[in-house]
Protein chains: 2
Amino acid sequence: MSTPVVSVSFEDKLVAARAASRVLATLPTDRKDAALRAIAERIVTDSAAIIDANALDLQAARDNGVSAALQDRLRLDEARLSALAQSVIDITGLVDPVGESVRGRTLPNGLKISQVRVPFGVVGAIYEARPNVTIDIAALALKSGNAVVLRGGSAAENSNRVLVETIQAALRDMGLPGEAVQTIDEFGRDGAKQLMKSRGYVDVLIPRGSADLINTVVAESTVPVIETGAGVVHAFIDESADLDLAVEIVHNAKVQRTSVCNTLETLLVHRGALDRVLVPVLDRLRGSDVALHADPEVAERYPNSIAATDEDWRAEYLSLDLAIKVVDSLDEAIEHIDRYSTHHTETIITSDLANAERFLAEVDSAVVMVNASTRFTDGGEFGFGAEVGISTQKLHARGPMGLPELTSTKWLVRGTGQIRT
Amino acid sequence: MSTPVVSVSFEDKLVAARAASRVLATLPTDRKDAALRAIAERIVTDSAAIIDANALDLQAARDNGVSAALQDRLRLDEARLSALAQSVIDITGLVDPVGESVRGRTLPNGLKISQVRVPFGVVGAIYEARPNVTIDIAALALKSGNAVVLRGGSAAENSNRVLVETIQAALRDMGLPGEAVQTIDEFGRDGAKQLMKSRGYVDVLIPRGSADLINTVVAESTVPVIETGAGVVHAFIDESADLDLAVEIVHNAKVQRTSVCNTLETLLVHRGALDRVLVPVLDRLRGSDVALHADPEVAERYPNSIAATDEDWRAEYLSLDLAIKVVDSLDEAIEHIDRYSTHHTETIITSDLANAERFLAEVDSAVVMVNASTRFTDGGEFGFGAEVGISTQKLHARGPMGLPELTSTKWLVRGTGQIRT
């Protein structure tokens, strides 16, 4: 890890990334997989240097009074590095999307046209102080033939620098340009701003982290952005809901893991299901210490609940809190979702076929479910093998993103002298 | 056409567009097609009012000394309105992309997941003074289940207002919300700016027009943009090029129609093909009055040519001008294209299989061709039936865009009580 410190300008880095992307774009799958295995090995053999650098970030975090939870997210140790190395090996098992023929035909004039998947080129990523994301995004980008420019949180700057050096050393060992994976952390906040304005150098920018981070990138970037993230996720208990299904699905969606974007945040319940279904559902939730933010009608029945305000309908709690609202109809449930949802995931619990089909058709979210826990919105659960993030925008990718979502396409046209008349 | 003038705020219009989009999203194809036929009929029956309004715009154009060519693009008459009405009828013949299942499977836990095409919701369009675009975009948006908010050039404001009233009247006749198609022309430049900042109301923004217009929208918009347009299009004559193919393809690509984005702008020629191929190619071009902007080596041989500067390699002439450069190799040709192209369309003329495949693989443009005229980059030619534009970005759509490119997707998940463990 004795890389000399050389000052390289921001633009030089992007030019080098572009040049590296041209090498990666046509690299056969076996060479990309070999590079990923070399990276995994290096992560293990360089673990002492990585942990030393990580210790500097952890010391700074303690000095700055960072919370224990955030310190834990920042921490790398032998076991975590082994798991990270294994996750890189796992990516070699995924299908390479590059070169896949999406559609094609022979035109009446004999021209053969085909649309094939190609890498974006240079992918930018802006994320917070989680060093595992550095490895994760770099490995996914490489497998899909992209170069990547990383801007991690400043609190993980030392860790990220050494991780990127480790990746670059492995790439060079395999005869590939190290500049395929670069960090711009040394340019600080200005670097992040410049990255957002680097249209022409960077083909797509993926922010990962808090709603604030994502909103800033969406507002400032001239580079096309894939918006990931925030989930104000709804479940609707229809009048016809099966009692057991309602109890189990709502409990699982809210309690199984609260810190993630596919966790349940607002429960809508049909007035006709109040006594038969809601009572056992809430009893089960309170057995798991869920705090209920309820509208007046529910609050009356549950004196320990908190009175819900308009803020609760917009809240992504990411905790053991749940907003609850009574509605008079499926229409009112759909209207509430349309107004307050971030359009990530919604589920209906129902035994009525027509209502199930209406919910699927009319709710405009990335993932719409019937009788299933919202926790299934996940690239791994969907069988993608890896997850780049969950897109909440409608352009290019929507819902869980796998490797194909890190590619664009181009049209190949093979002629024999055709001209247009 | 006696719609009363009612002042509606910008935000009210977007809210109404969103509400209309919900109606359109689940509308069966036959009702959308009936609405399109009603619009086509109204265009013909209302032609006198449309032509009267158009006369106001034409008068203003004359008063402002607008060029004859631009006046011609602005002009509507009975014949042009009939043709526009027919183009709307033609769109009823296209396959409705909404509801198409893109992929799906049953997960090991029994969840059935499927990804289906859905409309974007509200599509924004910003374009210049071409009233035909008003009809064209509105009809394509409706067929793909989208509401549309239009900002046309101010020079066509009267024409666009009456065209939109015509469309709205037809929609209402068919029991559909007129607000599915609206113009914001009355808000002037401020309206365009507000539209670009209407993230959350507008799902995608499509600029159509000059490079300046497109660059402004790309730089200013927080709404996701599909960039269309500029074509600095290259042809490369390889050393092994067939003489007749080179002569015919280059002539067709440059001369057949010069004002469009898929017309040839820069000709690269391998040094080894200078005497055998370039001489007859240039003779043929000069027979059609093409002005040659040539590098010194070619200029020497063609005393009437203009000395090319760096500006010529970046020029989208859209005229009978052509830049010509000699290169030493396929690599040099690819490097030149990588540096100067807008990545719209490039073609190689070659008899060498390996060079053809390298060109297809290594040139990073929306459409890459072998032995064919660049004029084939066109939604109609590709068999899409209609063309929304030609995307030169890599996100969501690349190359000619048809109706499927006006849709997003969502995931439908059908369960029987599955929870995550």
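The values are calculated or read from the model by the stated rules, or taken from the named source; none is laboratory data. Being a predicted model, the structure only gives us computed values, none of them experimental. For neighbour counting, all protein chains shown are included, and Cβ atoms are generated from backbone atoms with ideal geometry for every residue, glycine included.
Which is of a type in the set (A, V, I, L, M), closer than 19 Å to A:Gly415 by Cα and within 18 Å of the chain's Cα centre (by Cα), of B:Leu213, B:Leu264?
Checking each option against the conditions leaves just B:Leu264.
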Selection within the range B:171-205 - among the basic types (Lys, Arg) and either within 14 Å of another protein chain (Cβ to nearest Cβ) or closer than 25 Å to B:Ile43 by Cα (or both): B:Arg172, B:Lys197, B:Arg199
Given (1) modelled with pLDDT of 95 or more; (2) surrounded by fewer than 24 Cβ atoms within 10 Å (Cβ to Cβ), index of the condition B:Val122 fails: (2)
Members of the range A:238-283 found to be under 30 Å from A:Arg73 (Cβ atoms) and of a type in the set (Lys, Arg), listed by number: A:Lys254, A:Arg257
Residues that are closer than 15 Å to B:Phe376 by Cα and surrounded by fewer than 24 Cβ atoms within 10 Å (Cβ to Cβ), drawn from the range B:233-261: B:Glu248, B:His251, B:Asn252, B:Val255, B:Gln256, B:Arg257, B:Thr258, B:Ser259, B:Val260, B:Cys261
Pairs, first charged (D, E, K, R) in the range B:256-280, second in a strand (DSSP E or B), C-beta under 9 Å, six or more apart: B:Glu265/B:Val233; B:Glu265/B:His234; B:Glu265/B:Asp321; B:Glu265/B:Leu322; B:Glu265/B:Ala323; B:Arg271/B:Val326; B:Arg271/B:Val327
Which numbered condition B:Arg375 fails, given (1) more than 28 Å from B:Thr350 (Cα to Cα); (2) touching a strand residue (DSSP E or B) at 6+ places or on another chain (Cβ under 9 Å): (1)
Filtered residue count, the range A:293-347, keeping only those that are away from chain B (no Cβ under 14 Å) and not in a helix (DSSP H, G or I): 26
Filter pass, B:Val148 being modelled with pLDDT of 95 or more, buried (at least 22 other Cβ atoms within 10 Å of the Cβ) and in a strand (DSSP E or B): yes
Count - residues of the range B:206-222 that are touching a residue at least 12 places away in the same chain (Cβ under 8 Å), crowded, with 17+ Cβ neighbours inside 10 Å and within 10 Å of chain A (Cβ to nearest Cβ): 2
Count of the range A:356-377 residues which are charged (D, E, K, R) and buried (at least 19 other Cβ atoms within 10 Å of the Cβ): 2
Which numbered condition B:Lys394 misses (of (1) without any contact (Cβ under 8 Å) to a residue 12 or more places away in the chain; (2) surrounded by fewer than 22 Cβ atoms within 10 Å (Cβ to Cβ)): (2)
Residues of the range B:33-58 satisfying the condition of being crowded, with 21+ Cβ neighbours inside 10 Å, within 25 Å of the chain's Cα centre (by Cα) and among the charged types (D, E, K, R): B:Asp57
Residues that are closer than 19 Å to A:Glu165 by Cα and either crowded, with 19+ Cβ neighbours inside 10 Å or not assigned by TED's automatic domain parsing to the domain that holds A:Arg37 (or both), drawn from the range A:59-94: A:Leu74, A:Leu76, A:Leu81, A:Leu84, A:Ala85, A:Val88
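Evaluate the following for A:Glu186: is it without any contact (Cβ under 8 Å) to a residue 60 or more places away in the chain and more than 29 Å from B:Ser198 (Cβ to Cβ)?
Judged against the criteria, A:Glu186 is a match.
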Selection count, the range B:162-205, where residues are crowded, with 19+ Cβ neighbours inside 10 Å and in a helix (DSSP H, G or I): 15
Test set (1) among the charged types (D, E, K, R); (2) touching a helix residue (DSSP H, G or I) at 6+ places or on another chain (Cβ under 6 Å); (3) closer than 16 Å to A:Leu267 by Cβ - A:Glu362 fails condition number: (3)
Given (1) surrounded by fewer than 21 Cβ atoms within 10 Å (Cβ to Cβ); (2) under 13 Å from A:Val413 (Cα atoms), index of the condition B:Ile348 fails: (1)
Single match in B:Ala139, B:Ala125, B:Ala83, B:Ala129 (criterion: assigned to a strand (DSSP E or B), out of contact with any Phe, Trp or Tyr (no Cβ under 7 Å at 6 or more places or on another chain) and within 25 Å of B:Ser154 (Cβ to Cβ)): B:Ala125
Residue selected from the range A:242-265 under the condition within 11 Å of chain B (Cβ to nearest Cβ) and part of a loop (DSSP other than H, G, I, E, B), by the criterion farthest from B:Arg199 (Cα to Cα): A:Asp242
Leading residue by the ranking (farthest from A:Asp90 (Cα to Cα)) among those in the range A:4-18 that are surrounded by 15 or more Cβ atoms within 10 Å (Cβ to Cβ) and of a type in the set (Gly, Ala, Ser): A:Ala16
Tally, over the range A:385-413, of residues that are within 23 Å of B:Leu205 (Cβ to Cβ), out of contact with any Pro (no Cβ under 6 Å at 6 or more places or on another chain) and among the aliphatic types (A, V, I, L, M): 2
Pairs with Cβ under 8 Å, 6+ apart, first in the range A:401-421 and more than 7 Å from every other protein chain (Cβ to nearest Cβ), second of a type in the set (Phe, Trp, Tyr) and not in a strand (DSSP E or B): A:Met401/A:Phe384; A:Gly402/A:Phe382; A:Gly402/A:Phe384; A:Leu403/A:Phe384; A:Leu406/A:Phe120; A:Thr407/A:Phe120
Every residue from the range B:266-284 that is assigned to a helix (DSSP H, G or I) and in contact with a helix residue (DSSP H, G or I) (Cβ under 6 Å, 6 or more places away or on another chain): B:Val277, B:Pro280, B:Val281, B:Arg284
Matching residues in the range A:266-284 - criterion: being touching a strand residue (DSSP E or B) at 6+ places or on another chain (Cβ under 7 Å), of a type outside the set (Val, Ile, Thr) and either within 14 Å of another protein chain (Cβ to nearest Cβ) or closer than 23 Å to A:Gly399 by Cα (or both): A:Leu267, A:Leu268
Selection within the range B:363-399 - within 21 Å of B:Ser259 (Cα to Cα), more than 8 Å from chain A (Cβ to nearest Cβ) and modelled with pLDDT under 95: B:Asp378, B:Gly379, B:Gly380, B:Ala386, B:Glu387, B:Val388, B:Gly389, B:Ile390, B:Ser391, B:Thr392
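Within the group A:Glu405, A:Glu346, which residue is outside the structural domain of A:Val204 (by TED's automatic domain parsing) and of a type in the set (D, E, K, R)?
A:Glu346
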